[in-house]
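Accompanying notes for the structure given below.
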Amino acid sequence: MIGKKMLDALNEQINAELYSAYLYQAMAAHFATGNLKGFAHWMDLQAKEEQAHARKMYEFLLDRGGRVTLKAIAAPPAEWKSPLQIFEESYAHEQKVTGLIHKLVDLARAENDHAAEVFLAWFVSEQVEEEANASEIVEKLKMVKDHTQGLLMMDANLGQRA
C-alpha cells in the first residue's frame with residue numbers, strides 16, 4: 001500500500017506529465033501549421049512519450065493499491081515566435097520536470113518508500129536524456145539562426161526520429 005503523501009504527489013505528477021504531452025502536442029501543431037513536418041513529427045513523438053510516462057505512474061499507483069485521481073490539464077500556449085523559442089521553452093520545461101521528479105525522489109526517501117524510490121530512478125535517468133535532447137536542438141538552432149537551408153535540414157533530420 002502506498003502512503004497518502006506519495007499517492008498525492010504521484011497523482012500531481014501524472015497531471016504534470018499529461019500537461020507535458022499537451023504542451024508538446026501544441027508545439028507539434030504549431031510546427032505542422034508552419035509546414036515544418038519534421039519538427040512536428042519530433043514533437044508528436046515527444047507528446048506520446050510524455051503520455052507513456054503518465055501511464056507508467058498510473059499503473060504504478062494501481063499496483064500499489066492507490067487511487068488514481070485525474071485532474072484538469074491546463075491549456076498550453078498555441079503560438080511561438082520561432083523554432084528556437086519553442087525548443088528553449090521545451091528545454092526549460094524539461095528542467096522543471098526534472099525538479100519535480102527529484103522532489104518525488106526526496107519524498108520517497110523521507111517516507112521510506114523504497115518501491116517508489118526504485119520506480120522513480122528510471123524517471124531520473126529519463127530526464128537526463130530529455131534535457132540533453134532538448135538542449136542539443138536548442139544549440140543547433142542557435143547555430144542555424146535565420147538560415148532557411150539550415151532550418152530545413154534540421155526539419156528533415158528531426159523527421160527521422162523513431
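Every read-out reported here was derived from the displayed coordinates using simple, explicitly stated rules and does not represent laboratory data. These figures come from a predicted structure and were not determined experimentally. Glycine also receives a Cβ, built like all others from the backbone with ideal geometry; neighbour counts cover every protein chain displayed.
Against the test of being closer than 23 Å to Ala32 by Cβ and surrounded by 12 or more Cβ atoms within 10 Å (Cβ to Cβ), the options Asp146, Asp113, Asp106, Asp155 yield a single qualifying residue, Asp155. Scanning segment 70-102 for residues that are touching a residue at least 60 places away in the same chain (Cβ under 8 Å) and either in contact with a strand residue (DSSP E or B) (Cβ under 7 Å, 6 or more places away or on another chain) or farther than 16 Å from Glu131 by Cβ (or both) gives Lys71, Pro83. Considering segment 116-132, and only residues there that are in contact with a helix residue (DSSP H, G or I) (Cβ under 6 Å, 6 or more places away or on another chain) and among the charged types (D, E, K, R), the residue that is surrounded by the most Cβ atoms within 10 Å (Cβ to Cβ) turns out to be Glu130.
With the condition kept exactly as written, say whether any residue in segment 117-128 is under 18 Å from the mean Cα position of the chain (by Cα) and among the acidic types (Asp, Glu). Reasoning before the result, please.
Quick first cut of segment 117-128, residues under 18 Å from the mean Cα position of the chain (by Cα) only: 119-128.
Remaining after also requiring among the acidic types (Asp, Glu): 126.
Within segment 117-128, one or more residues are under 18 Å from the mean Cα position of the chain (by Cα) and among the acidic types (Asp, Glu).
Can you report the number of residues in segment 7-36 which are out of contact with any helix residue (DSSP H, G or I) (no Cβ under 6 Å at 6 or more places or on another chain) and outside any helix (DSSP H, G or I)? Summing the residues that are out of contact with any helix residue (DSSP H, G or I) (no Cβ under 6 Å at 6 or more places or on another chain) and outside any helix (DSSP H, G or I) in segment 7-36 gives 2.
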